[in-house]
1. I need to check one value: relative contact order of the stretch 29-159, counting alpha carbon pairs closer than 8 Å and at least 6 residues apart, in percent.
2. At 222 nm, what helix-only mean residue ellipticity would the chain give, in deg cm²/dmol to the nearest 500, using -39500 (n - 2.57) for each DSSP H run of four or more?
3. For Rg and Dmax of the Cα atoms in Å, one of (i) 22.1, 72; (ii) 16.5, 52; (iii) 16.2, 49 was computed from the structure I shared and the rest are decoys. Which label?
4. Could you give me the ³J(HN,Hα) list for the stretch 131-139, computed from phi with Karplus coefficients 6.51, -1.76, 1.60 and θ = phi - 60°, whole Hz, x at Gly and Pro?
5. Do any chymotrypsin sites (Phe, Trp or Tyr not before Pro) in the stretch 27-116 lie in a loop, going by DSSP, with at most 15 other beta-carbon atoms within 10 Å of their beta carbon, and if so which?
6. Among 52, 93, 29, which one shows the biggest mean-square fluctuation in a GNM of the chain, springs joining Cα atoms closer than 10 Å?
7. For the chain, modelled as a Gaussian network with Cα springs under 10 Å, which listed residue fluctuates most, 125, 32, 58?
8. Which of rounded, prolate, oblate describes the stretch 1-93, given a ≥ b ≥ c as roots of the alpha-carbon gyration tensor eigenvalues and a/c under 1.5 marking rounded, otherwise prolate only if a/b is larger than b/c?
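The values are calculated or read from the model by the stated rules, or taken from the named source; none is laboratory data. None of the values given here were measured: they were computed from a predicted structure. Glycine gets a Cβ as well: all are built from the backbone with ideal geometry, and neighbour counts include every protein chain shown. Each accessible area value is taken on the protein alone, full model and side chains, heavy atoms only, with ligands, DNA and RNA left out. Shrake-Rupley method; radii C 1.70, N 1.55, O 1.52, S 1.80 Å.
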Amino acid sequence: MFIQTESTPNPNSLKFILDDYQLCESPIEFNKSQVDTHSALANELFKIKGVENLLFNKNCISINKNKYTWDQLKAPILHVISNHITSGLPAIEKHDNKLGELNDISYDDNDIKVVSMINSILSSKIRPAIMQDGGDVKFIKYESGTAYLSLKGSCAGCP
């Protein structure tokens, strides 16, 4: 299994790209403070001191770190990922996340056209670009002419 790393615009985040291996259908984020991740891989990665946040995407993992350096973290991360892949276990045991659906967005029924347009642009133009940088964006709500978004993965806390 070939795993390459790629930097992101966020210096505290690094993308681990897995060759010929699919982690999940749609992005899912894990935080170290989560009680149950439903992912043996995420649990193992969080055992590495310095790993704070994970974003699994189709064939890559964006990892956010704290004060440790990437020189200290890369080898243990690569070891955990390689061991998990060779184990044959799934990356995620259970995943009910449905990104981009209108029923997950809070909005007034009179704003359905605007919300649909924003969601369409996010899904087709913005989200793919953000995912290239190891992050993700989720449309949370639309209220009084303002769209509220949640940035995940490499985009969370990006300077």
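1. About 24 percent, as a whole number.
2. Numbers: 4 runs with 41 residues, N = 159.
Estimated from H runs of four or more residues: -7500 deg cm²/dmol.
3. Entry (ii).
4. 5, 4, 8, x, x, 7, 9, 10, 7
5. Values: sites: 30, 46, 56, 68, 70, 107; in loops: 68, 107.
Passing both the DSSP loop test and the Cβ count: 68.
6. Among 52, 93, 29, the largest mean-square fluctuation in the Gaussian network model of the chain belongs to 93.
7. 125
8. Numbers: a/c = 1.40, a/b = 1.18, b/c = 1.19.
Note, shape of the stretch 1-93 comes out rounded.
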